[in-house]
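Novice: Pasting a structure below so you can have a look.
Every number here is computed from the coordinates shown, using simple stated rules; none is lab data. Worth saying up front: this structure is predicted, and the values here are computed from it rather than measured. Here the Cβ positions follow ideal geometry from the backbone for every residue, glycine too, while neighbour counts run over all protein chains shown.
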Amino acid sequence: MDPVTIIRPRGAPVPAVFDSPHSGTHYPDDFDYIVPLSMLRRGEDPFVDELFAAAPDHGAPLIAATFSRMYIDPNRSDADIDPDMLDGDWPHPLTISRKTRSGMGLIRSQSGRKRAAIYGRKLSVAEVRRRIENYWRPYHDMLRRELDETHGRFGAVWHIDCHSMPSKWATGFDKAGEPNENDYVLGNRDGTTAGAEFTELVRETLAGFGFKVGVNDGQKGVELVRAYSDPARKRHSLQIEINRRLYWDERNFTKRDCFDEQRQTMTRLIEVICGYARGKVS
Ligand SMILES: [Zn+2]
């Protein structure tokens, strides 16, 4: 199975690229986890690739990982490795973040609310390198190539990094400091990965549909919006987190009846984003 898929634009291309790094459901044979698979599956952003399936109809490629983010997470740096998980010395520099130490780095060490240990042993340096080379790197290569080619062709690119979040993570704070459950959270790492105009366009569009939208509220975006963005050079990357409650039965792990409605909402958003990107370069 290819680690990453791309659906190319079906019509005239626009300078926008969509990616879904966490909707993959393939658990490779050498994963060797000791927790129930059902627990790992809670880490998936279920069907996010399906929710954004209209992107190619509007001129933008849609990239998606086929492998589970619990095996290796494309939305982390390849230096974000907890050395305590390894049975030997990592031969490259490491960047250890708060996420690494809490078990949520490139390769997760813990899963679920009970923070159960995913592995019953240390991982070898060789197997972690294999995961990077066979899964993480093809994903990054594909995304970077699409962003570079699009930017080369149009002089600008708008990248939308698509996710969904458990409803319990969607609680942010409103302007008065009161807790507030967001329907969507947009992340541009405090304005560093996407311009204000584009971020506001997406926020305003979703708010206009009647939703509560947070910006950098709890979720600010991680590696995929950071890695290839440079707003000053017209390379914009924006993360969008959908509250799973809008389309997913989190208890029974099934699509809700409103799934199609949610997909239609995302299709309307895609139309606005692709129309904006087209208008900016024509
Ligand atoms: Zn995600």
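Novice: Run the simple label-point estimate for residue 126 and residue 204 please: 7 Å along Cα→C-beta, distance reported in nm.
Specialist: Result: 5.7 nm between the two label points.
Novice: Nearest 10 degrees, 0 to 90: what angle lies between the long axis of helix 137-154 and the longest principal axis of the chain (Cα atoms)?
Specialist: Tilt relative to the chain: about 20 degrees.
Novice: Can I ask one more? Which entries in the list 168/255; 168/220; 122/168 go over 22 Å, if you measure between the two C-alpha atoms of each?
Specialist: With Cα atoms farther than 22 Å apart: 122/168.
Novice: What's the angle, to the nearest 10 degrees (0 to 90), between helix 259-281's Cα axis and the longest principal axis of the chain?
Specialist: Roughly 70 degrees, rounded to the nearest 10.
Novice: Put +1 on the Cβ of each Lys and Arg and -1 on the Cβ of each Asp and Glu in the chain; which of 207, 4, 120 then has its Cα farthest toward the positive end of the dipole?
Specialist: The listed residue farthest towards the positive side: 120.
Novice: Which trypsin sites (Lys or Arg not before Pro) from segment 99-146 combine a DSSP loop assignment with at most 12 other Cβ atoms within 10 Å?
Specialist: Filter output for segment 99-146: 113, 114, 115, 121, 122.
Novice: Going toward the positive end of the dipole of segment 216-262, with +1 on Lys and Arg Cβ and -1 on Asp and Glu Cβ, which of 248, 232, 259 do you reach last?
Specialist: Sorting the options by dipole projection puts first 232.
Novice: Can you give the FRET efficiency for residue 141 and residue 84, using 1/(1 + (r/R0)^6), R0 = 22 Å, r = Cβ-Cβ distance, to the nearest 0.05?
Specialist: With R0 = 22 Å, the Cβ-Cβ based efficiency is 0.15.
Novice: Between segment 28-107 and segment 261-282, how many Å separate their Cα centres?
Specialist: Spelled out, the Cα-based centre of one part sits 27 Å from the other.
Novice: Peptides 152-161, 60-69, 187-196: what's the order by average Cβ count within 10 Å, highest mean first?
Specialist: Highest-to-lowest ranking by the protection proxy: 60-69, 152-161, 187-196.
Novice: Shifting gears a bit: Tell me the trypsin sites (Lys or Arg not before Pro) within segment 217-282 that lie in a loop according to DSSP and have at most 12 other beta-carbon atoms within 10 Å.
Specialist: 251
Novice: Which order results if 81, 132 are arranged by neighbouring Cβ count within 10 Å, fewest first?
Specialist: 132, 81
Novice: So if I place +1 on the C-beta of Lys and Arg and -1 on the C-beta of Asp and Glu, and nothing else carries charge, what would the dipole magnitude of segment 109-203 be about its Cα centre? I want it in debye, nearest 20.
Specialist: Computed about the Cα centre, the dipole is about 880 debye.
Novice: Output needed: percent of Cα pairs per 5 Å distance bin for segment 147-282, bins running from 0 to the one holding the longest distance.
Specialist: 2, 10, 19, 22, 19, 14, 8, 4, 1, 0
Novice: At 0.36 nm per residue, and after removing the present C-alpha to C-alpha distance, how many nm does the segment from residue 26 to residue 268 gain when stretched out fully?
Specialist: Length gained between residue 26 and residue 268: 84.2 nm.
Novice: How large is the charge dipole for the chain, taken about the Cα centre, if only the Cβ atoms of Lys, Arg (+1) and Asp, Glu (-1) carry charge, to the nearest 20 debye?
Specialist: With Lys and Arg at +1 and Asp and Glu at -1, about 280 debye.
Novice: Return the Cα extents of segment 126-209 along principal axes one, two and three, sorted largest first, each rounded to a whole Å.
Specialist: Projected onto its principal axes, the Cα set of segment 126-209 covers 48, 38, 22 Å.
Novice: Treating only the Cβ atoms of Lys and Arg (+1) and Asp and Glu (-1) as charged, compute the dipole magnitude of segment 143-248 about its Cα centre; round to the nearest 20 debye.
Specialist: 240
Novice: Rounded, prolate or oblate, given the Cα gyration tensor of segment 71-197, with a/c below 1.5 counting as rounded?
Specialist: Oblate shape, in that a/c is at least 1.5 and b/c is the bigger or equal ratio.
Novice: Helix 196-208 against the longest principal axis of the chain: what's the angle in degrees, Cα atoms only, rounded to the nearest 10?
Specialist: The two axes meet at around 80 degrees.
Novice: How large is the translational diffusion coefficient of the chain in µm² per second when you combine the Kirkwood radius over alpha carbon pairs with Stokes-Einstein at 37 °C and 0.692 mPa s?
Specialist: The calculation lands on 170 µm²/s.
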